[in-house]
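Chemist: Questions regarding the structure given below will be posed in turn.
The values are calculated or read from the model by the stated rules, or taken from the named source; none is laboratory data. Small disclaimer: the values here were computed from a predicted structure and weren't measured. Virtual Cβ from ideal backbone geometry, glycine too; neighbours counted across all protein chains shown. We work out accessible area using only protein heavy atoms, side chains counted, and drop any ligands, DNA or RNA first. Shrake-Rupley method; radii C 1.70, N 1.55, O 1.52, S 1.80 Å.
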Amino acid sequence: MTTTAPERGPIEHADLDGAALLQQVRLSTHRLLGATMRLGDVELLLPAASGLGTRRHVVARLVRHARRVTASPDDPARGLASDSLLKAPAADLVDALATTLTTVVRRLDDDPAARIPADDGDELCARDHLAWLELTHVDLGVGFEMHDIPEAALPAITAHLERWTAPDANGTVAGNSPFALLFARDERPRR
(Lines give C-alpha, C1' and ligand atoms only; values in the text may rest on other atoms or scores of the structure.)
Protein backbone atom coordinates (compact mmCIF):
# COMPACT_ATOMS: atom_id res chain seq x y z
CA MET A 1 0.00 0.00 0.00
CA THR A 2 1.22 3.53 -0.76
CA THR A 3 0.20 6.54 1.27
CA THR A 4 1.06 10.12 0.41
CA ALA A 5 1.55 12.12 3.55
CA PRO A 6 2.01 15.88 3.86
CA GLU A 7 5.66 16.72 4.51
CA ARG A 8 6.70 13.08 3.79
CA GLY A 9 5.58 12.29 0.25
CA PRO A 10 4.78 8.71 -0.86
CA ILE A 11 5.40 5.99 1.72
CA GLU A 12 5.30 2.28 0.93
CA HIS A 13 4.00 0.18 3.83
CA ALA A 14 1.82 -2.74 4.72
CA ASP A 15 -1.42 -2.34 6.63
CA LEU A 16 -1.09 -3.52 10.23
CA ASP A 17 -2.41 -6.88 11.32
CA GLY A 18 -4.84 -7.03 14.25
CA ALA A 19 -2.26 -7.41 17.04
CA ALA A 20 0.02 -4.70 15.68
CA LEU A 21 -2.95 -2.37 15.15
CA LEU A 22 -4.11 -2.86 18.72
CA GLN A 23 -0.58 -2.26 20.01
CA GLN A 24 -0.41 1.00 18.07
CA VAL A 25 -3.80 2.02 19.52
CA ARG A 26 -2.40 1.43 23.02
CA LEU A 27 0.76 3.44 22.31
CA SER A 28 -1.19 6.30 20.75
CA THR A 29 -3.69 6.31 23.62
CA HIS A 30 -0.87 6.53 26.16
CA ARG A 31 0.86 9.35 24.26
CA LEU A 32 -2.37 11.34 23.80
CA LEU A 33 -3.40 10.98 27.43
CA GLY A 34 0.05 12.14 28.53
CA ALA A 35 -0.26 15.27 26.42
CA THR A 36 -3.84 15.94 27.50
CA MET A 37 -3.08 15.56 31.20
CA ARG A 38 -0.73 18.55 30.97
CA LEU A 39 -3.53 20.86 29.82
CA GLY A 40 -5.29 23.04 32.36
CA ASP A 41 -8.47 25.07 31.99
CA VAL A 42 -6.61 28.01 30.39
CA GLU A 43 -4.75 25.82 27.85
CA LEU A 44 -8.01 24.11 26.89
CA LEU A 45 -9.39 27.50 25.80
CA LEU A 46 -6.76 27.90 23.09
CA PRO A 47 -7.88 27.29 19.50
CA ALA A 48 -7.60 23.87 17.90
CA ALA A 49 -5.04 23.48 15.11
CA SER A 50 -7.89 22.80 12.67
CA GLY A 51 -9.63 26.02 13.63
CA LEU A 52 -12.75 24.04 14.61
CA GLY A 53 -13.28 25.25 18.17
CA THR A 54 -10.91 25.05 21.07
CA ARG A 55 -8.71 22.30 22.46
CA ARG A 56 -11.61 21.54 24.80
CA HIS A 57 -13.82 20.94 21.76
CA VAL A 58 -11.19 18.59 20.31
CA VAL A 59 -11.09 16.48 23.48
CA ALA A 60 -14.90 16.47 23.77
CA ARG A 61 -15.18 15.29 20.12
CA LEU A 62 -12.85 12.38 20.82
CA VAL A 63 -14.80 11.41 23.94
CA ARG A 64 -18.06 11.54 22.01
CA HIS A 65 -16.59 9.51 19.14
CA ALA A 66 -15.15 6.90 21.52
CA ARG A 67 -18.50 6.58 23.28
CA ARG A 68 -20.17 5.96 19.94
CA VAL A 69 -17.62 3.28 19.13
CA THR A 70 -18.19 1.42 22.41
CA ALA A 71 -21.98 1.78 22.63
CA SER A 72 -24.32 -0.77 21.17
CA PRO A 73 -26.29 0.45 18.13
CA ASP A 74 -29.55 0.59 20.11
CA ASP A 75 -28.03 2.45 23.09
CA PRO A 76 -29.74 5.88 23.40
CA ALA A 77 -26.56 7.36 24.91
CA ARG A 78 -24.66 6.57 21.69
CA GLY A 79 -25.59 9.86 20.06
CA LEU A 80 -25.49 12.12 23.11
CA ALA A 81 -23.73 15.41 22.66
CA SER A 82 -20.68 16.33 24.68
CA ASP A 83 -21.99 19.72 25.81
CA SER A 84 -21.42 18.91 29.48
CA LEU A 85 -17.76 18.23 28.71
CA LEU A 86 -17.40 21.71 27.27
CA LYS A 87 -18.26 23.17 30.67
CA ALA A 88 -16.45 20.64 32.88
CA PRO A 89 -13.22 21.51 34.71
CA ALA A 90 -10.05 20.30 32.98
CA ALA A 91 -9.57 17.47 35.48
CA ASP A 92 -13.07 16.12 34.79
CA LEU A 93 -12.58 16.39 31.04
CA VAL A 94 -9.30 14.47 31.19
CA ASP A 95 -10.90 11.90 33.49
CA ALA A 96 -13.76 11.40 31.02
CA LEU A 97 -11.22 11.03 28.21
CA ALA A 98 -9.13 8.50 30.14
CA THR A 99 -12.17 6.47 31.14
CA THR A 100 -13.61 6.43 27.64
CA LEU A 101 -10.32 5.57 25.94
CA THR A 102 -9.74 2.76 28.44
CA THR A 103 -13.19 1.40 27.59
CA VAL A 104 -12.32 1.44 23.89
CA VAL A 105 -9.06 -0.45 24.46
CA ARG A 106 -10.88 -3.05 26.59
CA ARG A 107 -13.49 -3.51 23.86
CA LEU A 108 -10.77 -3.96 21.27
CA ASP A 109 -8.99 -6.47 23.54
CA ASP A 110 -12.23 -8.45 23.72
CA ASP A 111 -13.02 -8.19 20.02
CA PRO A 112 -10.11 -6.99 17.82
CA ALA A 113 -12.23 -7.46 14.68
CA ALA A 114 -15.07 -5.26 16.00
CA ARG A 115 -16.55 -2.84 13.49
CA ILE A 116 -18.11 0.54 14.08
CA PRO A 117 -21.84 0.68 13.29
CA ALA A 118 -22.76 0.70 9.61
CA ASP A 119 -24.27 4.19 9.84
CA ASP A 120 -20.84 5.44 10.95
CA GLY A 121 -18.96 3.80 8.08
CA ASP A 122 -18.65 0.09 9.00
CA GLU A 123 -14.89 0.40 9.51
CA LEU A 124 -12.72 -1.67 11.83
CA CYS A 125 -12.97 -0.02 15.25
CA ALA A 126 -9.23 -0.28 15.90
CA ARG A 127 -8.26 1.34 12.59
CA ASP A 128 -10.85 4.10 12.90
CA HIS A 129 -9.97 4.75 16.53
CA LEU A 130 -6.25 4.93 15.73
CA ALA A 131 -6.93 7.62 13.13
CA TRP A 132 -8.99 9.59 15.66
CA LEU A 133 -6.25 9.31 18.29
CA GLU A 134 -3.47 10.52 16.01
CA LEU A 135 -5.45 13.30 14.35
CA THR A 136 -6.84 14.48 17.70
CA HIS A 137 -3.28 14.74 19.01
CA VAL A 138 -2.33 16.91 16.03
CA ASP A 139 -5.51 19.00 16.37
CA LEU A 140 -4.73 19.76 20.02
CA GLY A 141 -1.82 21.89 18.81
CA VAL A 142 0.49 20.89 21.65
CA GLY A 143 3.63 20.31 19.59
CA PHE A 144 2.64 16.99 18.00
CA GLU A 145 2.52 17.62 14.26
CA MET A 146 1.62 15.60 11.16
CA HIS A 147 5.23 14.56 10.66
CA ASP A 148 5.24 13.07 14.19
CA ILE A 149 2.50 10.54 13.39
CA PRO A 150 4.00 7.03 13.37
CA GLU A 151 4.17 5.45 9.92
CA ALA A 152 2.19 2.51 11.29
CA ALA A 153 -0.81 4.83 11.73
CA LEU A 154 -0.81 6.25 8.20
CA PRO A 155 -3.07 3.56 6.68
CA ALA A 156 -5.66 4.27 9.39
CA ILE A 157 -5.55 7.99 8.65
CA THR A 158 -5.78 7.35 4.92
CA ALA A 159 -8.84 5.14 5.43
CA HIS A 160 -10.45 7.78 7.66
CA LEU A 161 -9.91 10.57 5.16
CA GLU A 162 -11.04 8.52 2.19
CA ARG A 163 -14.25 7.69 4.01
CA TRP A 164 -15.05 11.06 5.57
CA THR A 165 -13.70 13.79 3.31
CA ALA A 166 -16.30 13.56 0.57
CA PRO A 167 -17.65 17.08 0.09
CA ASP A 168 -20.54 17.85 2.35
CA ALA A 169 -23.84 19.38 1.27
CA ASN A 170 -22.20 22.80 1.03
CA GLY A 171 -19.33 21.51 -1.11
CA THR A 172 -16.70 22.70 1.38
CA VAL A 173 -13.22 21.24 1.63
CA ALA A 174 -13.91 20.03 5.18
CA GLY A 175 -16.33 17.33 4.11
CA ASN A 176 -17.49 15.30 7.06
CA SER A 177 -14.24 14.80 8.94
CA PRO A 178 -13.45 17.20 11.77
CA PHE A 179 -9.79 16.73 10.78
CA ALA A 180 -9.97 17.55 7.08
CA LEU A 181 -8.93 21.15 7.70
CA LEU A 182 -5.63 19.89 9.10
CA PHE A 183 -4.82 18.82 5.55
CA ALA A 184 -6.15 21.91 3.75
CA ARG A 185 -2.99 23.98 4.04
CA ASP A 186 -4.15 26.96 2.03
CA GLU A 187 -7.49 27.18 3.79
CA ARG A 188 -6.24 26.40 7.28
CA PRO A 189 -6.76 29.24 9.76
CA ARG A 190 -3.61 30.86 11.11
CA ARG A 191 -2.81 30.27 14.76
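Chemist: Sort through Asp139, Asp95 and tell me the only one that's buried (at least 22 other Cβ atoms within 10 Å of the Cβ) and either at pLDDT below 85 or among the acidic types (Asp, Glu) (or both).
Modeler: Asp139
Chemist: In the stretch 104-126, which residues are at pLDDT below 60, open to solvent by 30 Å² or more (accessible area, probe 1.4 Å) and acidic (Asp, Glu)?
Modeler: Asp119, Asp122
Chemist: If you don't mind, another one. Taking the options Ala77, Ala81, Ala66, name whichever one is at pLDDT below 95, among the aliphatic types (A, V, I, L, M) and within 13 Å of Ala98 (Cβ to Cβ).
Modeler: Ala66 is the lone residue from the list that is at pLDDT below 95, among the aliphatic types (A, V, I, L, M) and within 13 Å of Ala98 (Cβ to Cβ).
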